[in-house]
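The structure appears right after this line, and notes come after that.
The values are calculated or read from the model by the stated rules, or taken from the named source; none is laboratory data. None of these values were measured; they are calculated from a predicted model. All Cβ positions, glycine included, derive from the backbone under ideal geometry; neighbour counts span all protein chains shown.
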Amino acid sequence: MTPDELAQAGLVVERSGPVVTVTLQRPEVRNAQTPAMWRALGTLGGSLDDDVRVVVLRGAGQSFSAGLDRAMFDTAAGREGVETLADLLELPDEEVSATIDVYQQGFTWLRDPRFVSVAAVRGYAIGAGFQLALSCDLRVVSHDARFSMKEPALGLVPDLTGTKPLVECVGYARALEICATARMVEADEAVRIGLAMTAVPAAMLDATVADLAGALSAPMVGAVRETKALLQGAGDRTLDDQRRLEREAQVRRFRDLARWHAAG
């Protein structure tokens, strides 16, 4: 996508060597999300080349993302050529599901084993914002960060791929409590229960994430990618299956290192 197309969807993308930074650029509405943004994120994820090692996701201004833009429930917006969630109500169930699947792809690309994704969360990460942060491998937050899975309070379910990583981070019981109450989880609790790696002053957030991105880019790329792939599915595998996959990955690493040394 061109910079102009990304900007129309509320995104800014910058690249520095192997690090790509994606900024939600709608600070006037606390980076509220739209279907157009989700589609653009999915397209962006599919366009990244193999040299990308780290993807940093952040929000412009004082908040990461306040969730879904409430204007997306307004049928009038659709008549102006803007895709809204209100449009879904006019579709058959199968088409609604297929459309949500496309929206979900704006979140799932962040789990690609080719790179490590990091959410830099400042201020509010609500609903879809919480789920976008959960889509990243790692979360670094400022002391003023606030998470909430607001969908149940609106009569909806979290459907943007956030339920699985939430359970993986905090366990079933705590995930259910967070979702069913739609309460705020503040930064110190987020670190304590495993939602975030660390909490830092807001003024230090960008520097902390930059240092982390540099550290993640330092090891050999193949080793990081293989390790991420191993860890991603470890919880769902038997020990014997995990042992086998470790062996297979290590053979590939041995062969790759041998080629690298031979070429050098």
Q) Here is a list of conditions, (1) over 18 Å from Leu156 (Cβ atoms); (2) part of a helix (DSSP H, G or I), and Trp38 meets all of them except one; can you say which number that is? A) (1)
Q: Could you tell me which of the residues Val118, Val167, Val157 is at pLDDT 95 or above, part of a helix (DSSP H, G or I) and of a type in the set (Val, Ile, Thr)?
A: Val167
Q | Failed condition for Gly235, given (1) farther than 15 Å from Ala120 by Cα; (2) at pLDDT 95 or above | A | (2)
**Q.** Residue count for the stretch 7-35, restricted to those that are in a helix (DSSP H, G or I) and over 16 Å from the mean Cα position of the chain (by Cα)
**A.** 5
Q. Pick from Asp74, Asp101, Asp112: which is under 13 Å from the mean Cα position of the chain (by Cα), of a type in the set (Asp, Glu) and over 15 Å from Leu24 (Cβ atoms)?
A. Asp112
Q | Selected residue (only one of Leu68, Leu91 is modelled with pLDDT under 95, touching a Leu at 6+ places or on another chain (Cβ under 8 Å) and within 24 Å of Thr163 (Cβ to Cβ)) | A | Leu68
Q | Condition check for Asp4: over 17 Å from the mean Cα position of the chain (by Cα) and under 30 Å from Gly222 (Cβ atoms) | A | no
Q.
If I filter the stretch 155-174 for residues that are in contact with a strand residue (DSSP E or B) (Cβ under 8 Å, 6 or more places away or on another chain), free of Cβ contacts under 8 Å to residues at least 60 places away in the same chain and assigned by TED's automatic domain parsing to the domain that holds Ala60, do I get at least one hit?
A. no
Q: Could you pull out the residue among Ser142, Ser148 that is of a type in the set (Ser, Thr, Tyr), touching a residue at least 60 places away in the same chain (Cβ under 8 Å), over 30 Å from Ala258 (Cα atoms) and touching a helix residue (DSSP H, G or I) at 6+ places or on another chain (Cβ under 8 Å)?
A: Ser142
Q: Considering only residues that are among the hydrophobic types (A, V, I, L, M, F, W, C) and under 16 Å from the mean Cα position of the chain (by Cα), look in the stretch 36-51 and name the one that is farthest from Ala86 (Cα to Cα).
A: Leu48
Q | Among the residues listed as Gly127, Gly106, the single one being over 27 Å from Thr227 (Cβ atoms), of a type in the set (Gly, Ala, Ser), in contact with a helix residue (DSSP H, G or I) (Cβ under 9 Å, 6 or more places away or on another chain) and touching a residue at least 12 places away in the same chain (Cβ under 8 Å) | A | Gly127
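One line per residue, one yes/no per condition, for (1) surrounded by fewer than 21 Cβ atoms within 10 Å (Cβ to Cβ); (2) free of Cβ contacts under 8 Å to residues at least 24 places away in the same chain; (3) not assigned by TED's automatic domain parsing to the domain that holds Ser135:
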{"position": "Val12", "(1), (2), (3)": "yes, no, no"}
{"position": "Thr23", "(1), (2), (3)": "yes, no, no"}
{"position": "Pro35", "(1), (2), (3)": "no, no, no"}
{"position": "Leu41", "(1), (2), (3)": "no, no, no"}
{"position": "Val52", "(1), (2), (3)": "yes, no, no"}
{"position": "Ala60", "(1), (2), (3)": "yes, no, no"}
{"position": "Asp74", "(1), (2), (3)": "yes, yes, no"}
{"position": "Leu88", "(1), (2), (3)": "yes, yes, no"}
{"position": "Pro113", "(1), (2), (3)": "yes, no, no"}
**Q.** Every residue from the stretch 166-197 that is surrounded by 13 or more Cβ atoms within 10 Å (Cβ to Cβ) and touching a Pro at 6+ places or on another chain (Cβ under 7 Å)
**A.** Cys179, Ala182
Q) Which one is surrounded by the most Cβ atoms within 10 Å (Cβ to Cβ) among residues in the stretch 229-259 that are in contact with a helix residue (DSSP H, G or I) (Cβ under 9 Å, 6 or more places away or on another chain) and either closer than 27 Å to Leu57 by Cα or of a type in the set (Ser, Thr, Tyr) (or both)? A) Leu230
Q) Just wondering, is there one or more residues in the stretch 233-255 that are farther than 17 Å from Pro18 by Cα and in contact (Cβ under 8 Å) with a residue 40 or more places away in the chain? A) yes
